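S.K.: First the structure, then my questions, so here it is.
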């Protein structure tokens, strides 16, 4: 009962946040720059949370998340621009194709561990980028024109669904299996958990949401180019998860919000931004390797809602 | 005949990869860390060579030695400041720190001198020899001989000196080496110094061969050198040399077939095939996992 109550409470809270922001946008008291920053925050949270599922929950160190973002972005852009699908269908198709790409990458590479897995995912992401670079249908290096369709409503609904699915996945039997794999893969195997199945499933689910984020990302700018999805983009997503704390969903959300705001304000000084980013990363790793939140959730600090890791931590 | 020409180009490129890969493989062998900042040491080496040749008018060999010396110091500083505390940390923490250091160096250099590329001054006499109908430039010949000399020196250090013996002992078992009275910290620093010096040399060679350098030039050769190290079996020194040469030749062949845009993908496809089918690399032995 308590759990359900916390769940509905957080849904209502998040809808209130949504309504307030939507009202501010409609009434024009929130200028377009801030509205766009909010959309960008939502996209980054989706990315952070989807990678959190792979790294934080399942413990599989993937540094090629931008590859799936690219798949989602390009596929959904093709759907809307060339095939004239409605935006929602394009988002879903982008997510599904990204999930298929996740399966194709995950099944061979998830047999690897640690450093090797990291390098293999990095290699796959680079291959995906080079493939898009060489396809003339999507514009090659010059990029592809995309119309602006993403608005706050789409971004918010996608964000809400992402967080709900990932929270419920984490709290389910499957999520516990994934956490067991993170803690000790051999022991999990010995307890009868099909480790390959859960690793690949988590990877594909993470890729699906990265693909959704890609669709939103592509339709939030007017052009997408292969250079947008290089190693640095993967690294940006990784830093959200690591800084927030590996294994903490609310940590990932909080650091995605903070870092997006910081990098929006440092937009005119890209070098300074990267220097600050990298210094923060090194210092956090040296002095607080578990990240800001560790494996704790923000709700743990309230005591009452220990199990309701629902939607009360976004949209801030 | 054109094929032999391509082969020579491939070997020149491959010897640059091999020099970088040696640093990766030695560092990985000794502390099990993928030193992502290695590609940036390579970049710094290229810039030091550039300023030494263009600014102070040094000739090729003194510039090469200067770049190697400065890079060795930088490598040791990186190890002391960033990696030393992480000896007992998780692998993920170490890897992320390495990525952070790498980005810090890249953007630090951009911050200091800007992102614009530089044209490398021409220091080597550019003659072409004709051997059996194949045109070989004196540059690629010199690059090849410098690389081979450096690799022979490395082999000598690792197998014939006391420090080399210590390096092999630490990479075999750091705890046991410590019990035998080996100064493990100093050995690790020495490994970083040698690896970084080789990367610095590779940077100068790369600059003179390709004549264009920029602050982000280290990323792709760094990753490819890592591929070369994995290809040969990471932690194995001859493996890195062979892996580098194979990778260089494969890339040149892919370009020669007219797929030069796919060149970078070829390296990563090799990486993934190796990781899937023989993760221990061409020269590696399979190790069994113990619980």
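Each reported figure results from applying straightforward, stated rules to the coordinates on display, with no laboratory input. Just so it is clear, the structure is predicted and the values come from calculations on it, not from any experiment. No Cβ is skipped: glycine too gets one built from the backbone with ideal geometry, and neighbour counts run over all protein chains shown.
S.K.: Using Cα pairs under 8 angstrom and six or more residues apart, how large is the relative contact order of the stretch B:2-216, in percent?
M.R.: Working: 294 pairs, mean separation 92.5, N = 215.
Normalised by residue count, the contact order of the stretch B:2-216 is 43 percent.
S.K.: Given a Förster distance of 22 Å, report the FRET efficiency between residue A:145 and residue B:210 from their Cβ-Cβ distance, rounded to the nearest 0.05. Before the final figure, lay out the partial values.
M.R.: Details: r = 34 Å, r/R0 = 1.55.
Working from the Cβ atoms, E equals 0.05.
S.K.: If you count, for every residue in A:269-282, the Cβ atoms of partner chains within 10 Å of its Cβ, what is the mean?
M.R.: For this peptide, the per-residue mean of nearby foreign Cβ atoms is 5.
S.K.: Let me ask something else. Between residue A:26 and residue B:77, what FRET efficiency comes out of the Förster formula 1/(1 + (r/R0)^6) with R0 = 51 Å and r the beta carbon distance, rounded to 0.05?
M.R.: Efficiency for this residue pair is about 0.40.
S.K.: Helix B:263-277 against the longest principal axis of chain B: what's the angle in degrees, Cα atoms only, rounded to the nearest 10?
M.R.: Roughly 30 degrees between the two axes.
S.K.: Another question, if that's okay. For a quick protection proxy, order the peptides B:239-252, A:104-117 by their average other-Cβ count within 10 Å, most packed first.
M.R.: Output ranking for B:239-252, A:104-117: B:239-252, A:104-117.
S.K.: Which whole-number percent gives the relative contact order of the stretch A:35-301, counting Cα pairs below 8 Å spaced six or more residues apart?
M.R.: 35
S.K.: Let me ask another. Rounded if a/c is under 1.5, else prolate if a/b beats b/c, else oblate: with a ≥ b ≥ c from the C-alpha gyration tensor eigenvalues square-rooted, which is the stretch B:62-188?
M.R.: Verdict is oblate for the stretch B:62-188.
S.K.: Okay, next question. For chain A, rounded, prolate or oblate, judged on the Cα gyration tensor with a ≥ b ≥ c (square roots of eigenvalues), a/c < 1.5 rounded, else prolate if a/b > b/c?
M.R.: rounded
S.K.: Another question, if that's okay. Take the Cβ-Cβ distance between residue B:260 and residue A:171 as r, set R0 to 45 Å, and report the resulting FRET efficiency rounded to the nearest 0.05.
M.R.: Numbers: r = 50 Å, r/R0 = 1.11.
It comes to 0.35.
S.K.: Rounded if a/c is under 1.5, else prolate if a/b is larger than b/c, else oblate: which is the stretch A:1-159, with a ≥ b ≥ c the root eigenvalues of its Cα gyration tensor?
M.R.: Oblate is the answer for the stretch A:1-159, as a/c is 1.5 or above yet b/c matches or exceeds a/b.
S.K.: Can you tell me which of B:90-99, B:2-11, A:202-211 comes out highest on packing, and rank the rest after it, using the mean Cβ neighbours within 10 Å?
M.R.: Descending mean neighbour count gives A:202-211, B:90-99, B:2-11.
S.K.: Within 10 Å of each residue's Cβ, count the other Cβ atoms and sort A:156, B:129, A:85 from fewest upward.
M.R.: On the way: A:156 22, B:129 10, A:85 17.
Starting with the residue having the fewest Cβ neighbours, the order is B:129, A:85, A:156.
S.K.: Would you mind calculating the gained length between residue A:34 and residue A:268 on full extension (0.36 nm times residue separation, minus the Cα-Cα distance), in nm to one decimal? Don't jump to the answer; show the numbers that get you there.
M.R.: Working: separation 234, 0.36 × 234 = 84.24 nm, distance 1.60 nm.
Length difference between fully extended and current span is 82.6 nm.
S.K.: Moving on to the next point. Could you work out how far apart the two model spin labels at residue A:107 and residue B:134 are, taking each label as a point 7 Å from the Cα in the direction of the beta carbon, and quote it in nm?
M.R.: Computed distance between label sites residue A:107 and residue B:134 equals 4.2 nm.
S.K.: Something else: Work out, step by step, the length gained on full extension between residue B:157 and residue B:276: first 0.36 nm times the residue separation, then minus their alpha carbon distance; give nm to one decimal.
M.R.: Here the answer is 39.5 nm.
S.K.: What are the extents of the Cα atoms of the stretch B:2-216 along their three principal axes, in Å, largest first?
M.R.: Projected onto the principal axes, the Cα atoms of the stretch B:2-216 cover 58, 41, 31 Å.
S.K.: Against the longest principal axis of chain B, how steep is helix B:91-113, in degrees 0 to 90 to the nearest 10, with axes from Cα atoms?
M.R.: Taking Cα atoms only, the helix is inclined about 40 degrees.
S.K.: Can you give the angle from 0 to 90° between the axis of helix B:162-172 and the longest principal axis of chain B, with both taken from C-alpha atoms, to the nearest 10?
M.R.: Compared with the principal axis, the helix lies near 70 degrees.
S.K.: Also: If you take each beta carbon of peptide A:117-123 and count the beta carbons of other chains within 10 angstrom, what is the mean?
M.R.: 6
S.K.: Averaged across the residues of B:102-114, what count of C-beta atoms belonging to other chains lies within 10 Å of each residue's C-beta?
M.R.: Mean inter-chain Cβ contacts per residue within 10 Å come to 4.
S.K.: Note down the nm distance, to one decimal, between modelled labels 7 Å out along Cα→Cβ at residue B:179 and at residue B:90.
M.R.: 3.0
S.K.: Using packing as a proxy for protection, rank A:273-285, B:14-26 so that the peptide with the highest average count of other Cβ atoms within 10 Å comes first.
M.R.: Descending packing order for the listed peptides: B:14-26, A:273-285.
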